[in-house]
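Trainee: One structure follows; several queries about it will come next.
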Amino acid sequence: MDATTLQWVLAALAFAVAGNIWLSLAVLRAGRRERLAPLALEPGQPLPAVQARPLAGGPRFQPGAAGQAAVLLFLASRCPKCGEKLAGIERLLPLAREAGLALWLLSEEPARRLRAFLPGDSLRSATARLALRDYRRVNPLMSSPSYVFVNYQGQVEAAGLIGDEDWLALVGQLHAEPSQERAA
């Protein structure tokens, strides 16, 4: 066997070993992701503390912090169903304010994309941005259009998709609030 052939054989073996190592690491990473599968937020647990920056500007704040009940909404600009929900959410904003409920649209998307997605200033002023790591903490399933209801103690009350039974109950309560006050 001459030197050139030996070099080619050694190069092929080195390539095979490197490929084997790469595949082994890929399997380990996939296994780790499996073990760390995200869990949905459960009622009664405290909402993870994260810092958000309002899209309209201003200081960072902690959405869903103890002291005020809140609804945290998760919408994505590339989600067709999310775009369909914007008008209804915009109508809920003043009703939520009247009821003493903080309503925030939270996103990890760039500000430019959010401004293009949100049609009005009222929605933009109720939107805040999170780092992706923090967004995953408050929306571990990365679902949209979805929500998390947080009580005044900062604990999760419910979480689900916009349009489900709990969401419709909230919408019904917010629409009933002013009429109940007038009847009293």
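The values are calculated or read from the model by the stated rules, or taken from the named source; none is laboratory data. Computed from a predicted structure; not experimentally measured. With ideal geometry, Cβ positions are generated from the backbone for all residues, glycine too; neighbour counts draw on all protein chains shown. Surface areas here come from the heavy atoms of the whole protein model, side chains and all, with no ligands, DNA or RNA. Shrake-Rupley method; radii C 1.70, N 1.55, O 1.52, S 1.80 Å.
Trainee: Could you point to the label whose value was computed as Kirkwood radius over Cα pairs in Å for the structure here, given (1) 19.1; (2) 17.0; (3) 16.4?
Mentor: Correct label, based on the coordinates given: (1).
Trainee: Right, something else. Among DSSP bridges having both ends in the range 101-184, what percentage is antiparallel? Round to the nearest 5.
Mentor: 60 percent
Trainee: What residue among Arg29, Arg129, Arg137 has the largest mean-square fluctuation in a Gaussian network model of the chain, using Cα springs under 10 Å?
Mentor: Arg29
Trainee: Using a Förster distance of 22 Å, how high is the FRET efficiency between Leu28 and Arg133, based on the Cβ-Cβ distance and rounded to 0.05?
Mentor: Here the calculated transfer efficiency is 0.50.
Trainee: Please build a GNM for the chain, connecting alpha carbons under 10 Å apart, and tell me which residue among Asn20, Asn151, Asn139 fluctuates the most.
Mentor: In the Gaussian network model the winner is Asn20.
Trainee: Loop only per DSSP, at most 15 neighbouring Cβ atoms within 10 Å: give me the chymotrypsin sites (Phe, Trp or Tyr not before Pro) in the range 118-176, ordered by residue number.
Mentor: Qualifying residues, ordered by number: Tyr152.
Trainee: Over the chain, what percent of the accessible surface lies on carbon and sulfur atoms, probe 1.4 Å?
Mentor: Roughly 58 percent, rounded to a whole number.
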